[in-house]
Each structure stands twice: as C-alpha cells, then as structure tokens.
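One structure is given below, encoded as structure tokens.
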Amino acid sequence: MSDKTMSAEEAVGRLESGMTLGIGGWGSRRKPMALVRALLRSRITDLTVISYGGPDVGMLAAAGRIRKLVTAFVTLDSIPLEPHYRAARERGALDLMEIDEAMFLWGLRAAANRLPFLPVRAGIGSDVMRVNPGLRTVTSPYEDGETFVAVPALRMDAALVHVSRADRRGNGQYLGPDPYFDDLFCEAADTAYVSCERIVDTADLTKEAAPQTLLVKRHTVTGVVEAPNGAHFTSCAPDYGRDEAFQKRYATTPWAQFAARFLDGDEQAYQSAVRSAAGEAT
C-alpha cells in the first residue's frame, strides 16, 4: 500500500485556480483549517466552494478567493452568521447557490454515486426554487406521479477534510459525536486531502474507538496531512473544543488586521501567534 503522507503545502500545491473545491466539517466544527490557511498562503483563486460553511468560507471570501459558493448556511455556531461571509455578500463579491441542508446532502450523495441528480422532496413549496431558478423538477414515472426537486450532483475537483486520526494509507477516523458527511465529500471529489490530529498505525485505529468510526476510506483519499490543532479555532472533539475567545477575536477584527497578525507566516507561526494572543487575553 502506498504512503500518502504529505505536507499541507504539498496538498495545496496540487490544487489550481478555477477549481471546484469541497470543504468538510460543519459550521465552526472540525473544519480543515490548517489546509485552508495553506490555501490562503497560495495564489489560488477563482474557486467554486462547496461547504456547510464556517470560517473556511469566511476567510476565503474575505481574501477574495471565492467566485461562487454552494452552501446551506455559513455560521460560526455560537455566532450565528459568519461576519466576513456576510460582508462579502453585502458587497456582491461572490455568486451564491443557497440550498436546503437536505438538498445539499443529496447533492453530495448524487456526486458520490456518480449520478447527475437525485430527486428530493425538500425545497418544494419554498423560496429555494425562486432564488435558484436553475433548479429543475422531475415527475415520478410511477403511479404516484409525485413531483420532486432534481438536486444536481455536487461534483468537486478536490475535497479538504479534517479527522481525528488517520493512517498513512488514507484511512480516516473521527472520534467526535458527528461525521459531518466528510466521507461523502471525499467520495464526491476527484481528489481528496485529509488532515488529521495524528497519524497512527493502521492497527491502532481500532484501539481508541470502534471500527464504525473509520469514516474515510483509503481508496477515496489522495493525500494525508498530519496537522495537530489543525482544526483550530473550530472544534475537533474530543481532542479540543472550539476556541471561543479566538473565534470572537476573528469575528470582531478587521480582516486585514487579522490576516496580518495571524496568517502572514506558516502554520507554525500561526500556532505561535494564537498562543501569544491567548497569553495577552489572560
């Protein structure tokens, strides 16, 4: 079996401007932030981003890297609306396809199964159809004759996800309360890059938790990046919770000022700046 380990910079180096990029996690929970920060250090732009959005979307939008966003929401959880995303929307900085959470899920499932669309009841009778005039409906060919929304497959050139543990072959394990559909992101993409808190031997993946926590399968993974604290400032239970104090700093600091202090250097510089900021707060 091949060793798929690489650095965050090597993973991002395989991406290109104009790609459709899926980002796993949910809101401000277990986002692949080390990979997002590496992406921000690159010159990649003009992205179509597919995400249950959180600070990943906020940062990329603030930096002007997103051309189009496909999402069901963009939130920091304890802060309901991601402020940098809101600012980008208010100035018309990106195109938006906003769909229902269930529609988003079935778009992932359609892509993972290489189907052009899947029919769903979600969206019927709502303004989703009005704000997305490109959506189509289909009629059941059976006796019921029911009308469904034909949710298009959310196909991706690449996906970025973060998990608790992974082996060098690309098997990924989550130890928190929710998988957040990260497996579907990997299956829906042509390539997938998985960051993790710690790389372990394959045999050790089932020592810490049950086999059903082995969420991401190696055949869907292109690269594995060991990134301790790599979801910061989002949560990565049970390793750590959301850094609420830092998240508040992020949400209330002008983007240019925040980026200059925390994002100008490499990942090590970021983690060091976070510790310094925590010390100042104390």
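Just so you know, all these numbers are worked out from the coordinates, no wet-lab data involved. Just so it is clear, the model here is predicted, and its values are computed rather than measured. Here the Cβ is made from the backbone with ideal geometry for all residues, glycine too, and neighbour counts use every protein chain on show.
Structure summary
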{"quantity": "Cross-link pairs 31/217; 68/217; 31/68 - those with Cα-Cα distance over 27 Å", "calculated": "68/217"}
{"quantity": "Neighbour net charge for residue 193 - beta-carbon separation under 11 angstrom, K R +1, D E -1", "calculated": "+1"}
{"quantity": "Model label zone, residue 95; criterion: amide N under 15 Å from point 7 Å along Cα-to-beta-carbon; scope the stretch 114-154", "calculated": "132-135"}
{"quantity": "Rough spin-label spacing in nm, given labels placed 7 Å along Cα→Cβ, for residue 217 and residue 169", "calculated": "1.3"}
{"quantity": "The chain - Debye-derived log10 I(q)/I(0), Cα point model, q = 0.10, 0.17 Å⁻¹", "calculated": "-0.51, -1.39"}
{"quantity": "Gyration tensor verdict on the stretch 155-202 (Cα atoms; rounded if a/c is under 1.5, prolate if a/b is larger than b/c, oblate otherwise)", "calculated": "oblate"}
{"quantity": "MRE, 222 nm, helices only [DSSP H, n ≥ 4, -39500 (n - 2.57), over the chain, to nearest 500]", "calculated": "-8500 deg cm²/dmol"}
{"quantity": "Full-stretch length increase - residue 10, residue 77 - with 0.36 nm per residue and alpha-carbon distance subtracted", "calculated": "21.0 nm"}
{"quantity": "In nm, spacing of pseudo-spin labels at residue 198 and residue 144 (7 Å Cα→C-beta vector)", "calculated": "4.8"}
{"quantity": "The stretch 234-282-the stretch 158-180 distance, computed between alpha-carbon centres (Å)", "calculated": "23"}
{"quantity": "Amide H within-cut-off set for residue 5, under 5 Å, with H built and near neighbours excluded", "calculated": "224"}
{"quantity": "Separation in nanometres of the label points that stand 7 Å from Cα toward Cβ, at residue 273 and residue 252", "calculated": "1.9"}
{"quantity": "5 angstrom amide H check on residue 192, placed H, neighbours 5+ away", "calculated": "159, 222, 223"}
{"quantity": "Calculated FRET value between residue 209 and residue 259, using beta carbons and R₀ = 25 Å, to 0.05", "calculated": "0.10"}
